[in-house]
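For reference, the structure is listed below as structure tokens.
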Amino acid sequence: MITVNVKLFAMARELTGLRETTLSLEENAAASAVVDHFVELNPRFSPWKNYIRLAVNTEYVNPDYRLHDGDEVAIIPPVSGG
């Protein structure tokens, strides 16, 4: 098992009620497993699943990026503005 620290922003924070949390995941888990966790907890998260950006240790990553113990994962919803 690995442990990752997750930071949630904007809509992700509103849907979960969390600013930050710690998750235990299987070894070699993909970054997308973090999003999957929140979809399971709150089905209202599901429509956003394909639009969320993920950053690991302050670098944007693809959903298939493999996480390591101690990583910090940021869930960044889409933003709009001018």
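Read the figures in this text as sums done on the coordinates, not as results from a lab. The structure displayed is predicted, hence computed values, not measured ones. Counting neighbours? That spans all protein chains shown, and the Cβs are built from the backbone with ideal geometry, glycine included.
Couplings 3J(HN,Hα) of segment 24-41, computed from phi: 9, 10, 5, 3, 6, 5, 7, 4, 4, 4, 5, 5, 4, 4, 6, 5, 5, 6 Hz, in residue order, whole Hz [Karplus 6.51 cos²θ - 1.76 cosθ + 1.60, θ = phi - 60°; x for Gly and Pro].
How large is the helix-only mean residue ellipticity at 222 nm for the chain, computed as the sum of -39500 (n - 2.57) over DSSP H runs with n ≥ 4, divided by its residue count, in deg cm²/dmol to the nearest 500? Please list the in-between numbers first.
Working: 2 runs with 17 residues, N = 82.
About -5500 deg cm²/dmol.
Along the axis of the charge dipole computed for the chain (Cβ charges of +1 for Lys and Arg, -1 for Asp and Glu, origin at the Cα centre), the listed residues Met1, Ile75, Val34 are led at the positive end by Ile75. Here the chain is treated with +1 on each Lys and Arg Cβ and -1 on each Asp and Glu Cβ, and its dipole about the Cα centre works out to around 400 debye. In this structure the amide hydrogen of Asp71, modeled in the peptide plane, comes within under 5 Å of the amide hydrogens of Asn5, none closer than 5 places in sequence on its chain. Proximity of backbone amide H atoms, modeled 1.01 Å from N, is registered between Arg53 and Ile76 at under 5 Å, excluding neighbours fewer than 5 places apart on the same chain.
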